Amino acid sequence: MKRDTLMRRATPVTVLLFVAATFACGDPSLSPVSGDPSGVYGYVAHSGVIPVVTGTMTLQVDEDSVVTGSWELRRVPGSDPDIQVGPQLGSGTLAGRLDASGVVAVDLNPGWADNNVYLVLGGYTPYRLTGTWDHSTLIGPVAGGPVELQRLNR
């Protein structure tokens, strides 16, 4: 089957699972999440080492490992506006899953199969989650970098 045909048939869940599997398996620094990562977090996404997006994010992990929540994010003042960050500016709801290996995969725009931002979070302490963010389109990731969430409600 041709790649463009496969991409047209991709659902948001398929894309999210693909992104999660690709990045979780490829980054040995992602340690499993143990405990409940539900809470309110300060959010900083980087492009390389440059912080480009900041704000807050709320995560709620249900008993069935489904992750829901919301986000309010903005570009870091003074950051280069030419750096692509995708649709993670403004506010919205999120959806995702805490998988059996302890990785949290988050979709910042549930229901969007194109032009979306995905987070894969696995570096976890009781007060911090780390991982990667990716702005992905139907052709694949077009921008991304490290992301850190620092718990605000201790």
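Nothing in this text is a laboratory measurement; each read-out follows from the coordinates by a stated rule. Predicted model, so just to flag it, every value in this text is computed and none were measured. Note: ideal-geometry Cβ built from the backbone for every residue, glycine included; neighbour counts use all protein chains shown.
Observations on the model:
- D82-V49 FRET efficiency (beta carbon distance; Förster radius 22 Å; 0.05 resolution): 0.85
- Vicinal HN-Hα couplings computed from phi for region 49-55 (Karplus, 6.51 cos²θ - 1.76 cosθ + 1.60; Hz; Gly/Pro x): 9, 8, x, 10, 9, 9, x
- Sum of side-chain charges, G55 neighbourhood, beta-carbon under 13 Å (Lys, Arg +1; Asp, Glu -1): 0
- For G90, net neighbour charge (Lys/Arg +1, Asp/Glu -1) across residues whose Cβ lies under 11 Å away: +1
- Residues whose placed amide H lies under 5 Å from that of L138, excluding near-sequence neighbours: N115
- ³J(HN,Hα), Karplus 6.51/-1.76/1.60, whole Hz, each residue of region 62-70, x for Gly, Pro: 7, 4, 8, 6, 6, 9, 10, x, 8
- Distance (nanometres) between label positions extended 7 Å along Cα→Cβ at N153 and L138: 3.9 nm
- For S38, the residues whose modelled amide H falls within less than 5 Å of its own, excluding neighbours fewer than 5 places apart on the same chain, are V61.
- Shown in residue order for region 91-100 are the 3J(HN,Hα) couplings computed by the Karplus curve 6.51 cos²θ - 1.76 cosθ + 1.60 at θ = phi - 60°: 8, x, 9, 10, 9, x, 7, 9, 7, 4 Hz (x for Gly and Pro).
- 5 angstrom amide H check on R128, placed H, neighbours 5+ away: R151
- Fully extending the segment from L89 to Y127, taken as 0.36 nm per residue of separation minus the present Cα-Cα distance, adds 11.3 nm.
- Whole-angstrom gap from region 102-138 to region 45-88, using each part's C-alpha centre: 9 Å
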